[in-house]
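Trainee: Please see the structure below; I have some questions.
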Amino acid sequence: MAWLAGYPREKVNWHPTVDLEKCVKCGMCMNCGRQVYTWKKEGPVVENPLSCIVGCTTCANLCKGNAITFPDIKELRALYEREKIWAHVTKQMKEEGKLTVKE
């Protein structure tokens with residue numbers, strides 16, 4: 001996965017948390033293409049936290065009740081800096097041809 005370039009996903013603290021008291025059960029979070037959530041009687045439950053794409057906050061951005069939060073982005077950026085993940089991502093993306101200039 002280019003977002004981590006070999007760094008273990010289970011070591012990255014990045015997944016949503018749902019405050020069910022704020023949840024209005026609009027269902028927007030269930031649009032997650034990674035199936036992070038399961039719908040229960042009480043509302044959405046984060047069933048597969050490690051399936052969440054690191055850095056993605058789409059569900060929180062669209063949550064009608066503002067019930068979804070993520071860890072502080074500063075912590076994630078500090079991890080990328082400390083573990084030199086950015087350099088590894090850039091290298092991997094070049095190898096995959098994703099950073100090739102198109103003319």
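The values are calculated or read from the model by the stated rules, or taken from the named source; none is laboratory data. Remember, predicted model here, so these are calculated numbers, not experimental data. Counting neighbours? That spans all protein chains shown, and the Cβs are built from the backbone with ideal geometry, glycine included. Ligands, DNA and RNA are excluded from the accessible area calculation, which covers all protein heavy atoms including side chains. Shrake-Rupley method; radii C 1.70, N 1.55, O 1.52, S 1.80 Å.
Trainee: Give me the residue from the stretch 1-35 that is over 18 Å from D72 (Cα atoms) and touching a Leu at 6+ places or on another chain (Cβ under 9 Å) and, out of that set, surrounded by the fewest Cβ atoms within 10 Å (Cβ to Cβ). If you could, list the steps in order and put the result at the bottom.
Mentor: Here is the first cut: in the stretch 1-35, the residues over 18 Å from D72 (Cα atoms) are 1-2, 5-8, 20-35.
Filter once more, keeping what is touching a Leu at 6+ places or on another chain (Cβ under 9 Å): 7, 26, 28-29, 31.
Numbers: Y7: 18, C26: 14, M28: 19, C29: 25, N31: 10.
Looking at residues that are over 18 Å from D72 (Cα atoms) and touching a Leu at 6+ places or on another chain (Cβ under 9 Å), I get N31.
Okay, residues lined up against (1) in a loop (DSSP other than H, G, I, E, B); (2) open to solvent by 90 Å² or more (accessible area, probe 1.4 Å):
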residue	(1), (2)
W39	no, yes
G55	yes, no
L76	no, no
L79	no, no
G97	yes, no
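Trainee: In the stretch 57-74, how many are among the hydrophobic types (A, V, I, L, M, F, W, C) and either open to solvent by 60 Å² or more (accessible area, probe 1.4 Å) or in a loop (DSSP other than H, G, I, E, B) (or both)? Working first, answer last.
Mentor: Step one: list which residues in the stretch 57-74 are among the hydrophobic types (A, V, I, L, M, F, W, C), which gives 59-60, 62-63, 67-68, 70, 73.
Now narrow it down to the ones that are either open to solvent by 60 Å² or more (accessible area, probe 1.4 Å) or in a loop (DSSP other than H, G, I, E, B) (or both): 62-63, 67, 70, 73.
The number of residues fulfilling the criteria is 5.
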